[in-house]
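Reading through the structure tokens given below for one structure.
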Amino acid sequence: MPDRPRFYLTTAIAYPNNKPGLHTLYEVIGADVVARWHRMKGDDTRFLTGTDEHSVNIAESAAAQGRDIREYVESMVELFTSAEDELLIAPDRFIRTTDPDHRRASQEMVRRAYASGDVYLGKYEGWYCPNEGFKALSDLHETPDGMRCPNHPNVTLQWLTERNWFFRLSAYADRLLAHYAAHPHWVQPEYRKNEMLAFIRAGLEDISISRETFHWGIPFPIAENGETSEREDGSWDPEAGVIYVWFDALINYITGAGFPDDPTSFARYWPADLHVIGKDINRFHTIIWPAMLMSAGIDLPHKVWVHGWLLAAGGDRMSKSRGNMLDPSDVVKALGADGARYVTLREVPFDKDAEVSWDSFVRRYNADLANDYGNLVNRSITMAGRYLDGARPAPRAPAEAPLAAAWATALEGYQRNLESLLLHEALASLWDFVGAANRFVETEAPWALAKAAKAGDAGAAAAEVRLTGVLGDLVEAVRLVSLAVAPFMPSIAPRALDQLGYPYPYAADGNGGPPILDLLAWGGAGGAAESGRLGTPSPLLPRLDVETAPD
RNA sequence: GGCUGGGUAGCUCAGUGGUAGAGCAAGCGGCUCAUAAUCGCUAGGUCACAGGUUCGAAUCCUGUCCCAGCUACCA
């Protein structure tokens, strides 16, 4: 379907060293919502998540456990794919840097940079921890006894020099600044862009892009003499070393689009519309990565969105070692996958950090999902079913339905905020409408109308008409909200539609079905709207006991 | 240390010169369709602190205190 707009988005690939916490998955949940929204809009959507599996630390962790690296990595990656499954994350591809096509992509990018004259042989010098390898200066402490690594305070560090390939990042400062000037919104939020601009203006140094002290990585494709390091039997000369981190990890975004094996796919999906990343890797994505692409003659992604973090009480960063992280499995167990997705994205603004806690999640779930939305669905279907004998009432025309105007406002805000990645604001817009629908019930008091309709007096017929109209509007409101929120709550949406007696036209990942904006018009249920019967009401999002907590 | 952003109701935050706002949590009342739900009302703030400009400052200026981010090779 070449006519459909395409939308390609990615998350940062995860480093599979531990079972992921909810703070790690936050980015993937947010990106999954965006992907589902585009799929439901009818865009040809490609969504990439994955794992970054090469590093000396991974190799050493495997060795420490006496396990084969590949077997070890398989087991670690499984933790990530199963966590994504639990949270209903639906990537079109889960890319692994150990995938064969990724190796080819990474090597091709090195070759291109070399061909552009941006790769040269030099020396990397730095503090070397015998237990851990080269250490960044920022990770070390200076003590009276010399430099020490925090993980091994009793080990004396050595200053070592290693032969290394370098990438001429320093040559790209002006071109990067020009790109920032020509595309003022390409890094968002704004303050994240400004940090990078300040960094570029301060001057860029070249970066090393190979290592010869460890071998768990993609073979560096170029030998010292500038020829290929591939040998006649197809193996790679270990003397050439391996590609170091950024020319490996960052490449995944183009591998995932089809580079270099599938030029047709690559032309279709690249440049990416959106990279969603965390603030800790901003520099790599908005300085190094664009320079690498420029060197290779490849267009730059349209937008990089830098999100913040979930913080523990007191503003501490979450981590396994601090013991303050939320286990996604616990949250899913308590709130359901839909509830976990909703509260995470509602409690944490997608452009800032926020403190979260088990209590704040439960409070948000109960207030928004159980009380406001879930109860609205339940009371609406119960009343319509009881007062109209199960026939689904049709909504009134927009001009006669007070809720239709409120919906237009809500949908506009929802869509605008969703498209600009303010996911928390998008939900707030939708929930304004949920509030309006609950107030509408109080104002119209369908139970009183139902009584009047049965009174058998002069007003009964009018009351009957009004009752049907009110309930029709209400049922329509529930349909609209439930469908609109589907990117956030992908398994609740079809259940809500089913209780309303509507079919759910989308696949589990949001593909297929008509463009969602058609269905989100007031009265826009299409052929399915014309007649039908209501399903059986059943609480979708049961209220939680506030005492519920893990452990 | 330098640069940037921020400190407003119990909690999370909006509010950039003109009588302090929202949501949640709390209290009271109404209603009964509903998941002890929902609707309405109430309470609660010397807007970090100290000066200054102004008829008037949460909002502008100066200083102080506190917090966060950035300040290059970790995945």
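Run the Debye formula on the Cα coordinates of the stretch A:197-347, all scatterers equal and no solvent, and tell me log10 I(q)/I(0) at q = 0.11, 0.17, 0.21 1/Å.
Debye curve over Cα of the stretch A:197-347, log10 I(q)/I(0) at q = 0.11, 0.17, 0.21 Å⁻¹: -0.68, -1.16, -1.29.
By average Cβ neighbour count within 10 Å, what is the ranking of A:259-270, A:23-34 from highest down?
Final packing ranking: A:23-34, A:259-270.
Past 25 Å, Cα to Cα, is the threshold; run A:LYS19/A:LYS279; A:LYS19/A:LYS333; A:LYS19/A:LYS41; A:LYS19/A:LYS193; A:LYS19/A:LYS303 against it and keep the listed order.
Result: A:LYS19/A:LYS41; A:LYS19/A:LYS193; A:LYS19/A:LYS303 exceed 25 Å.
Using modelled backbone amide H atoms (1.01 Å from N, in-plane), which distant-in-sequence or interchain residues come within less than 5 Å of A:ASP353's amide H?
Distant-sequence amide H within range of A:ASP353: A:TRP309.
Set Lys and Arg Cβ to +1 and Asp and Glu Cβ to -1, take the dipole of chain A about its Cα centre, and tell me which of A:ALA31, A:TRP522, A:ALA367 lies farthest positive.
Result: A:TRP522.
In whole Hz and in residue order, list the ³J(HN,Hα) couplings for the stretch A:361-378 that follow from phi through the Karplus curve 6.51 cos²θ - 1.76 cosθ + 1.60, θ = phi - 60°; x for Gly and Pro.
Using θ = phi - 60°, the values come out as 5, 5, 4, 5, 4, 5, 5, 7, 8, 6, 6, 6, 7, x, 5, 4, 4, 5 Hz.
With a probe of 1.4 Å, find how much accessible area chain A has per residue, and write the answer as a whole number in Å².
With the other protein chains kept in place, chain A gives 42 Å² per residue.
What percent does the relative contact order of chain A come to when contacts are Cα pairs within less than 8 Å and at least six residues apart?
Relative CO of chain A lands at 16 percent.
Before rounding to the nearest 500, sum -39500 (n - 2.57) across all DSSP H runs of length at least 4 in chain A and divide by the residue total; then give [θ] at 222 nm in deg cm²/dmol.
Theoretical 222 nm ellipticity from helices: -13000 deg cm²/dmol.
Taking Cα atoms of the stretch A:336-425, Rg/Rh with Kirkwood Rh, to two decimals?
Looking at the stretch A:336-425, the ratio lands at 1.07.
Hey, if you put +1 on the Cβ of every Lys and Arg and -1 on every Asp and Glu Cβ in chain A, which of A:LEU421, A:ALA455, A:LEU87 ends up farthest toward the positive end of that dipole?
Positive-most Cα among the choices belongs to A:ALA455.
Using a 1.4 Å probe on the protein heavy atoms, what percent of the accessible area of the stretch A:362-548 belongs to carbon and sulfur?
C and S fraction of accessible area: 54 percent.
Please report the net charge: other residues with Cβ closer than 10 Å to the Cβ of A:ILE277, K and R +1, D and E -1.
0
Could you derive backbone 3J(HN,Hα) for the stretch A:194-206 from the dihedral phi with the Karplus parameters 6.51, -1.76 and 1.60 (θ = phi - 60°), listing whole Hz in sequence and x where the residue is Gly or Pro?
Listing the rounded values in order: 5, 4, 6, 4, 4, 5, 5, 5, 6, x, 10, 9, 5 Hz.
Nearest 20 debye, what's the magnitude of the dipole of chain A about its Cα centre given +1 on Lys and Arg Cβ and -1 on Asp and Glu Cβ?
Value, rounded to 20: 1400 debye.
Please report, in debye to the nearest 20, how large the charge dipole of the stretch A:362-548 is about its Cα centre when each Lys and Arg carries +1 at its beta carbon and each Asp and Glu carries -1 there.
Here the stretch A:362-548 has a charge dipole of around 400 debye.
Which percent of Cα pairs goes in each bin when the distances of the stretch A:362-548 are cut into 5 angstrom slices starting at zero?
Histogram of Cα-Cα distances, whole percents per bin: 1, 8, 17, 20, 21, 16, 9, 5, 2, 1, 0.
Which residues' amide hydrogens lie under 5 Å from the amide hydrogen of A:THR228, considering only partners 5 or more residues apart or on another chain, with H built in the peptide plane?
Hits under the 5 Å cutoff: A:ALA223.
Work out the length of the dipole vector of the stretch A:276-348 about its Cα centre, built from +1 on the beta-carbon of each Lys and Arg and -1 on the beta-carbon of each Asp and Glu, and round it to the nearest 20 debye.
Computed about the Cα centre, the dipole is about 100 debye.
So how far, in whole Å, is the C-alpha centre of the stretch A:152-183 from the one of the stretch A:288-324?
18
Once you treat every alpha carbon in chain A as an equal point and sum by Debye, what is log10 I(q)/I(0) at q = 0.05, 0.09, 0.10 Å⁻¹?
Summing over Cα pairs of chain A leads to -0.26, -0.75, -0.88.
Using only Cα atoms, locate the centre of the stretch A:402-460 and the centre of the stretch A:475-543, then give the distance between them in Å, rounded to an integer.
So the separation of the two Cα centres works out to 16 Å.
Quick one: Karplus J couplings for the stretch A:19-24, per residue in order, coefficients 6.51, -1.76, 1.60, θ = phi - 60°, nearest Hz, x for Gly and Pro?
So the J values, rounded to whole Hz, are 4, x, x, 4, 5, 6.
Once the other residues with Cβ under 15 Å from the Cβ of A:HIS424 are scored (Lys, Arg +1; Asp, Glu -1), what is the net sum?
With Lys, Arg at +1 and Asp, Glu at -1, the net is -4.
Which cross-chain or sequence-distant (5 or more) residues have an amide H under 5 Å from the amide H of A:ALA14, H modelled 1.01 Å from N in plane?
Sorted by chain and number, the residues that satisfy this are A:GLY50, A:THR51, A:ASP52.
The values are calculated or read from the model by the stated rules, or taken from the named source; none is laboratory data. Because the structure is predicted, anything quoted here is derived from the model rather than measured. A quick note on method: Cβ atoms are made from the backbone with ideal geometry, for glycine too, and the neighbour counts reach across all protein chains shown. Just so you know, the surface numbers come from the protein's heavy atoms only, side chains and all, with ligands and any DNA or RNA stripped out. Shrake-Rupley method; radii C 1.70, N 1.55, O 1.52, S 1.80 Å.
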